[in-house]
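Working notes, beginning with the structure itself.
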Amino acid sequence: MTPWLDALAVGVAVGGALLYVLVRGLRRVRATFRRAAPRGPSCGCDCAASER
Amino acid sequence: MTALATRDMAWRPAGHAAPPAAPPVVPAQPLRVALVGNPNCGKSTLFNALTGRREKVANFPGVTVERVEGRYEHGGATVMVLDLPGTYSLSPDAPDEALTLDVVHGRHAGTAAVDVFVVVLDAENLERNLYLATEVLELGRPTVIVLNRMDRLAAAGMKIDVFELIDALGAVVVPTVASTRAGIDRLRHVIARAPGLPLAPVPPARVAGAGDAERRYGNIAAVMRRAVTRDGAARPRLSDRVDAVLLHRVWGPVVFVAVMAIAFQALFTVAAPVAALLQSALGAVASVVRAAMPAGELRSLLVDGVIGGVGSVIVFVPQIALLFLCIGVLEDSGYLSRAAFVMDRFVRPFGLQGKSFIPLLSGFACAVPAILATRTIPQTRERLATIMVVPLMSCSARLPVYALLIAAFVPPATVAGAFTLQGVALLAMYLLGTVAALASAAVFRRTLLRGATRALILEMPPYAVPTPRVLFATVSQRVGVFVRRAGTVIFAISVLLWALGRYPRPHEHAAPEVQLAESSLGRVGRAVEPAVRPLGLDWKVGVAMVASFAAREVFVSTMATMYGVESGDGARPALAARLRAAKDAAGRPAYTIAAALGLLAFYVFALMCTSTLAVTVRETGGGWRGAGWAALQFSYMLALAWGCGFLVYRAGLALGLGVAA
């Protein structure tokens with residue numbers, strides 16, 4: 001294997017790894033702040049039944 | 001008419017041919033079906049049987065806390081099935097139950113209106129389960145009643161006359177045993193025809209409030225008298241006799257600790273031979289690559305970065321599999337609820353209740369589902385306190401770090417016959433995390449999250465022999481997640497760390513140690529070294545600690561990459577041996593037993609998991625409010641980790657452990 005081919009292969013691997021980590025990290029941050037939070041617990045009375 | 005139509009569709013004894021049924025309703029849109037029922041009545045098992053999916057099922061209440069959707073085809077029509085969290089009534093008590101109520105009333109954002117309700121009843125606990133069924137029937141919507149777990153009636157000394165039940169409820173009833181898929185075809189057949197069936201009669205003059213509940217209980221008592229017969233006096237069941245020991249004030253906690261000790265010992269003794277085989281196989285792969293490729297950057301990347309880094313994590317697959325097998329057995333056998341009941345007495349002084357203990361125990365597997373599981377806790381402050389301390393429970397990602405450091409620095413001496421010092425050390429790590437979680441909960445409940453602790457009401461599921469199919473599904477799914485992480489995140493980080501540890505290379509002919517020290521990684525290491533030096537650790541561990549903020553297992557792969565481990569000796573993990581033999585610049589042991597114990601303590605407490613932080617943000621209210629709770633969680637755990645690491649290291653030095661292993 002020639003030195004430049006060696007360097008190219010390593011460059012592609014490292015660049016790909018860097019891109020993967022960055023994209024994954026950004027997606028995680030976006031997903032964290034985008035999704036709505038679940039409802040909190042209710043007051044515990046039977047008001048939901050009376051709504052019907 | 002109602003009774004006749006619904007009787008025709010129910011299960012009938014052998015030899016009784018069913019009369020011609022009404023044709024199925026084939027809607028243009030997919031038929032939307034929602035499974036509702038009490039917690040632990042088998043909804044998710046039924047969901048899996050209907051849709052062929054493999055959603056998590058276990059033998060304790062509160063497994064499903066989110067809406068899960070699946071589909072199947074029947075008679076040319078698509079049926080969408082929603083599996084909903086269990087609830088005892090349509091008056092929600094906890095966030096998971098509120099979700100079910102929202103879907104039932106068509107108020108849940110992102111969920112279309114439901115066409116057919118399938119109310120799943122645990123046949124063995126019919127009377128209690130019927131309350132929710134009557135509430136759903138009163139909605140006046142197409143409803144199918146599923147009488148699940150029919151196989152357990154004989155052991156319980158019960159008989160249910162299905163036709164009487166149909167007449168009493170005025171609704172179609174399908175008996176099933178979801179775990180063996182019995183009755184599933186008939187259920188699919190009935191669901192397809194449900195929109196065309198007559199509706200159950202709705203009480204004409206209903207008054208909301210307490211009177212409503214009394215009327216329902218009155219109706220249920222009448223239904224039970226008509227449809228259920230019991231064989232003589234109730235005999236004490238085997239389950240009750242086992243509970244007499246497992247829920248005993250003294251023996252209960254003793255059995256719990258013994259179960260945990262055996263599980264953690266097994267993680268070392270049973271998994272070790274398989275791990276050694278994997279280590280040898282990886283060594284062989286590295287040798288083949290080394291022999292097949294000319295020396296150069298790519299070969300170094302493959303051998304030191306990829307095989308060394310990813311391989312060092314992959315060798316822990318047997319231990320991960322065994323950990324999830326142990327957790328699966330605990331969940332499926334019905335013991336988990338007993339453990340929560342037994343531990344209720346011990347966790348109450350810390351401001352938590354037994355219901356918090358199930359998420360805490362789930363935290364041994366992974367903090368993310370454990371935090372979701374806190375939705376079963378009705379009180380907001382108790383739930384928040386539980387979320388804040390769940391990540392202190394040692395999750396499976398910590399196992400590779402523990403296993404590496406314990407294998408390297410704790411001798412495998414025998415203790416009390418069947419146990420080894422390594423197994424005991426592993427148990428101690430898990431206990432330390434549990435004690436820290438309880439102590440932290442006590443602090444939260446006395447400061448930020450003050451409030452009364454609610455009494456524990458928990459259903460004891462029947463004991464069951466764990467199903468091999470369910471256990472296999474759980475273990476293979478979790479091992480799959482672990483291997484996928486190794487093949488994606490850990491692979492990518494290993495490549496990056498290899499590059500950071502390889503470049504720049506100012507001295508081409510310098511010794512590898514000098515080159516590593518001069519690399520980008522070495523420079524980062526020197527920058528973080530002042531923070532880890534008080535813990536008796538060097539810059540290499542500092543770098544691995546920083547890298548492991550991406551994922552805890554990265555600690556192991558980073559150490560492996562830095563030490564350039566590419567082959568195993570077959571007898572013990574190669575990286576452990578390298579750590580034991582490592583020397584500093586002055587030729588002294590790089591890592592002492594005291595420093596290793598301090599590092600173990602650090603990893604017990606540190607929150608190094610972006611997924612956990614993300615789920616904390618969402619489950620504590622989302623937005624900046626959630627981010628605030630997550631920031632607090634991360635900061636207090638980091639402070640606790642460093643402080644305890646320092647104390648353990650200092651205590652180790654005082655006890656004469658400042659020596660090499």
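Starting from residues that are more than 7 Å from chain A (Cβ to nearest Cβ) and among the charged types (D, E, K, R), keep the ones in the range B:85-101 and report whichever is nearest to B:Leu372 (Cα to Cα). Of everything passing the filter in the range B:85-101, B:Asp96 is nearest to B:Leu372 (Cα to Cα).
Considering only the range B:257-271, state which residues are of a type outside the set (S, T, N, Q) and surrounded by fewer than 18 Cβ atoms within 10 Å (Cβ to Cβ). The answer is B:Val257, B:Ala258, B:Val259, B:Ile262, B:Ala266, B:Val270. Only one of the numbered conditions (1) under 18 Å from B:Gly354 (Cα atoms); (2) assigned to a helix (DSSP H, G or I) is not met by B:Gly451, and that is (2). Taken over the range B:102-123, the criterion of being away from chain A (no Cβ under 14 Å) and at pLDDT below 85 is satisfied by B:Ala112, B:Ala113. In the range A:3-16, the residues that are facing chain B (nearest Cβ under 8 Å) and small (Gly, Ala, Ser) reach residues that are assigned to a helix (DSSP H, G or I) and surrounded by 12 or more Cβ atoms within 10 Å (Cβ to Cβ) with C-beta atoms within less than 6 angstrom, at least six apart or across chains, in these pairs: A:Ala9/B:Leu298; A:Ala13/B:Val495. Here the range B:61-79 is the region considered, the condition is being assigned to a strand (DSSP E or B) and closer than 25 Å to B:Ala373 by Cα, and the residue that is farthest from the other protein chains (Cβ to nearest Cβ) is B:Arg71. Those helices (runs of 4 or more DSSP H) of the range B:305-410 in which 2 or more residues are among the basic types (Lys, Arg) and either within 14 Å of chain A (Cβ to nearest Cβ) or more than 15 Å from the chain's Cα centre (by Cα) (or both) occupy B:335-347, B:380-389.
Scanning the range B:146-196 for residues that are in contact with a strand residue (DSSP E or B) (Cβ under 7 Å, 6 or more places away or on another chain), surrounded by fewer than 21 Cβ atoms within 10 Å (Cβ to Cβ) and basic (Lys, Arg) yields a total of 3. Looking at B:Ala651, B:Ala661, B:Ala627, B:Ala601, just one residue is over 20 Å from B:Val410 (Cβ atoms) and either in contact (Cβ under 8 Å) with a residue 12 or more places away in the chain or part of a helix (DSSP H, G or I) (or both), and that residue is B:Ala627.
Please find, within the range B:369-391, the residue that is surrounded by the fewest Cβ atoms within 10 Å (Cβ to Cβ) out of those that are β-branched (Val, Ile, Thr) and in contact (Cβ under 8 Å) with a residue 12 or more places away in the chain. Of everything passing the filter in the range B:369-391, B:Thr376 is surrounded by the fewest Cβ atoms within 10 Å (Cβ to Cβ).
Checked against (1) assigned to a strand (DSSP E or B); (2) modelled with pLDDT of 90 or more, B:Phe47 meets all criteria but (1).
If you go through the range B:84-97 one residue at a time, do you hit one that is within 24 Å of B:Thr474 (Cα to Cα) and either modelled with pLDDT under 80 or in a helix (DSSP H, G or I) (or both)? Yes, the conditions are met somewhere in the range B:84-97. Of the helices (runs of 4 or more DSSP H) that lie entirely inside the range B:105-176, those containing 2 or more residues that are touching a helix residue (DSSP H, G or I) at 6+ places or on another chain (Cβ under 9 Å) and not aliphatic (A, V, I, L, M) span B:126-137, B:162-169. Summed over the range B:467-484, the residues that are touching a residue at least 60 places away in the same chain (Cβ under 8 Å), closer than 19 Å to B:Val63 by Cβ, part of a helix (DSSP H, G or I) and among the β-branched types (Val, Ile, Thr) give a count of 3.
The values are calculated or read from the model by the stated rules, or taken from the named source; none is laboratory data. Since we're looking at a predicted model, the values are computed, not measured. As a convention, Cβ positions derive from the backbone with ideal geometry for all residues, glycine included, and neighbour counts pool all protein chains shown.
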